[in-house]
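To keep things clear, I will list the structure first and then write my remarks on it.
The values are calculated or read from the model by the stated rules, or taken from the named source; none is laboratory data. Keep in mind it's a predicted model, so treat the numbers as computed, not measured. Heads up, the Cβs are rebuilt from the backbone with ideal geometry, glycines too, and the neighbour counts pull from every protein chain shown. Areas reflect the complete protein model, heavy atoms only, side chains present, ligands, DNA and RNA absent. Shrake-Rupley method; radii C 1.70, N 1.55, O 1.52, S 1.80 Å.
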Amino acid sequence: MIRNIIIIGLASFIGGTSRYIMSVYIPSYGTSIISTTMLINIIGCFIIGLLYGIAITGKYLNPDIALYLMVGFCGSFTTFSTFSLEVLKLLETGNYFNAITYIILSIILGLIAVYFGQYLIKNI
């Protein structure tokens, strides 16, 4: 149990740090539809799709390690709480179209990225 916590903690450190670095170096466009947060979430969805594909097929990596990375890395890399805050800010400033478009694009592109990631692993 302690070993699992340490591994997930290390993966969380790497995921959170990676998310911070990307948020610093990828320009944000304020109240536009496409934001750094959405891009990070889409990338995180793709990564979790890859890891899920690895976990269910057992290819390329120990399924336990894939699980640690899904929980630790992806859990701290993706930013659903930040996404929710950004949507709230768009709504509060009257940018209803951008808020709804942001929600729809994030969900649809996120699902596509997860599917594509696991599809690639299954078919390699």
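Accessible area per residue for the chain is 60 Å², calculated with a 1.4 Å probe on protein heavy atoms, without ligands, DNA or RNA. 3J(HN,Hα) along region 111-124: 5, 4, 5, 4, 4, 5, x, 5, 5, 4, 5, 5, 9, 8 Hz, from the Karplus curve 6.51 cos²θ - 1.76 cosθ + 1.60 with θ = phi - 60°, whole Hz, x for Gly and Pro.
Here region 29-96 is treated as an ellipsoid with the same Cα gyration tensor; its semi-axes, largest first and in whole Å, are 32, 10, 8. The largest accessible area among PHE77, PHE13 belongs to the first residue in PHE13, PHE77, and the rest follow in falling order (1.4 Å probe, all chains).
Taking the accessible area of the chain, probe 1.4 Å, and keeping the other protein chains in place, the carbon and sulfur fraction comes to 75%. Applying the Karplus relation 6.51 cos²θ - 1.76 cosθ + 1.60 with θ = phi - 60° to region 70-83 yields 3J(HN,Hα) values of 5, 6, x, 5, 5, x, 9, 7, 6, 9, 4, 5, 5, 4 Hz, where x marks Gly and Pro. Give me P(r) over the chain, computed from all C-alpha to C-alpha distances, binned every 10 Å, as integer percentages. Calculated over all Cα pairs of the chain, the distribution is 14, 38, 31, 14, 3 percent. Restricting region 32-124 to trypsin sites (Lys or Arg not before Pro) that sit in a DSSP loop and have at most 15 other Cβ atoms within 10 Å of their own Cβ leaves LYS59.
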